[in-house]
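Data block below; observations after.
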Amino acid sequence: MVGKERLPIVNYSGGTEVSGGILGNVLLRPIKPMGFNTAVPGIKAAVLDEEGRPVVGKAGELAVLAPWPGMTRGFWQDEARYLETYFQKVPGVWVHGDLALQDEEGHFFILGRSDDTLKVAGKRVGPARWRPPPPATPP
């Protein structure tokens, strides 16, 4: 029993390439299991569709729409690789490489990596695309 059912579990996601976090939880808002109730201070996060438009209630790419405190300018001695890695999918927008969803209440959920590919039995496979569960049918 984590937190003796009295203490919240505070989720946080980011990485060294962002010098901290992208998404997190604050105790002033409700916390959903496996979710993040806000972008961390200084980050303007969104989930983008294939055309680079923000979406709600639909899986897409986790992106940061504006520069943030501690943003790196490139990889050490390889600025071209940095631009290719983070700015290739949506020109001018920093895309993290995570498949994410933002619900109607503003909570974010990371569904997995969007840029990983494995070769299994001669087939290239990547992350599954999230689909909402079907509506419940009455008994």
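The values are calculated or read from the model by the stated rules, or taken from the named source; none is laboratory data. None of these values were measured; they are calculated from a predicted model. No Cβ is skipped: glycine too gets one built from the backbone with ideal geometry, and neighbour counts run over all protein chains shown.
Which residues, counting only those in the stretch 80-111, are over 17 Å from VAL56 (Cα atoms), of a type outside the set (Lys, Arg) and out of contact with any helix residue (DSSP H, G or I) (no Cβ under 9 Å at 6 or more places or on another chain)?
Within the stretch 80-111, ALA80, LEU83, GLU84, PHE87, GLN88, VAL90, PRO91, GLY92 meet the criteria.
Working carefully through the options GLY97, GLY106, find the one that is assigned to a loop (DSSP other than H, G, I, E, B) and either of a type outside the set (S, T, N, Q) or modelled with pLDDT under 90 (or both).
GLY106
Does VAL18 count as modelled with pLDDT under 75, closer than 20 Å to GLU61 by Cβ and surrounded by 12 or more Cβ atoms within 10 Å (Cβ to Cβ)? Lay out the reasoning, then the answer.
On the way: modelled with pLDDT under 75: yes; closer than 20 Å to GLU61 by Cβ: yes; surrounded by 12 or more Cβ atoms within 10 Å (Cβ to Cβ): yes.
Criteria met by VAL18.
Can you name the residue in the stretch 46-84 that is among the small types (Gly, Ala, Ser) and in contact (Cβ under 8 Å) with a residue 12 or more places away in the chain and is also farthest from LEU111 (Cα to Cα) among such residues?
Out of the qualifying residues, it is GLY70.
Being assigned to a loop (DSSP other than H, G, I, E, B) and within 20 Å of SER13 (Cβ to Cβ), is that true of even one residue in the stretch 78-87? Full working, then the answer.
Keep residues of the stretch 78-87 that are assigned to a loop (DSSP other than H, G, I, E, B), which gives none.
The answer is no, given that none of the residues of the stretch 78-87 is assigned to a loop (DSSP other than H, G, I, E, B) and within 20 Å of SER13 (Cβ to Cβ).
Answer yes or no: is there a residue in the stretch 67-85 that is aromatic (Phe, Trp, Tyr) and loosely packed, with under 11 Cβ neighbours inside 10 Å.
yes
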